[in-house]
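I have placed the structure first, in the form of structure tokens, so that the comments after it can refer back to it.
Bear in mind these aren't lab numbers, they're just calculated from the coordinates by the rules spelled out. Everything quoted here is computed from the prediction, not taken from an experiment. Cβ: placed from backbone, ideal geometry, glycine included. Neighbour counts: every protein chain shown.
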Amino acid sequence: MPKFQVRDFRSLEEAPSSPGTLRTKVDDLLIHSTLARVKVENLNRETGEYRVVLQGTLEKQRGESV
């Protein structure tokens, strides 16, 4: 699996993105992070709409800048 890099963040916001495609991209991000946490900012129980914020730190290899 290729390492998730800073340039890959743009692909997270590309539209349209199916839930399956987005899951793969987020999985790659999480796998290549040394720290990750999530915060649920909003949840509408009537419509099912939600907003979550994912925060973390990407792995760095020697000589690499994030």
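For the range 6-58, the C-alpha radius of gyration divided by 2.2 N^0.38 Å, with N the number of residues, is 1.25.
When the chain is treated as a Gaussian network with alpha carbon springs shorter than 10 Å, the biggest mean-square fluctuation among ARG45, ARG23, ARG37 belongs to ARG45. Estimated from helical segments only, the mean residue ellipticity of the chain at 222 nm is -7000 deg cm²/dmol, where each DSSP H run of four or more residues counts as -39500 (n - 2.57). When the chain is described by a simple charge dipole with +1 on each Lys and Arg Cβ and -1 on each Asp and Glu Cβ, the residue from LEU43, GLY56, GLY20 located farthest towards its positive end is GLY56. Once the Cα-Cα distance is subtracted from the 0.36 nm per residue extended length, the VAL26 to VAL52 segment shows a gain of 8.1 nm. Cα axis of helix 19-31 to longest principal axis of the chain: angle in degrees, 0 to 90, nearest 10? Computed tilt is about 40 degrees. State to the nearest 20 debye the size of the charge dipole of the chain about its Cα centre, where the only charges are +1 on K and R beta carbons and -1 on D and E beta carbons. With only Lys, Arg, Asp and Glu charged at Cβ, the dipole is about 220 debye.
Here the label points at LYS3 and LEU43, each 7 Å from Cα along the C-beta direction, are separated by 3.6 nm in the simple model. Here the spin labels are modelled as points 7 Å beyond Cα on the Cα-Cβ line, and at LYS60 and LEU35 they lie 1.3 nm apart.
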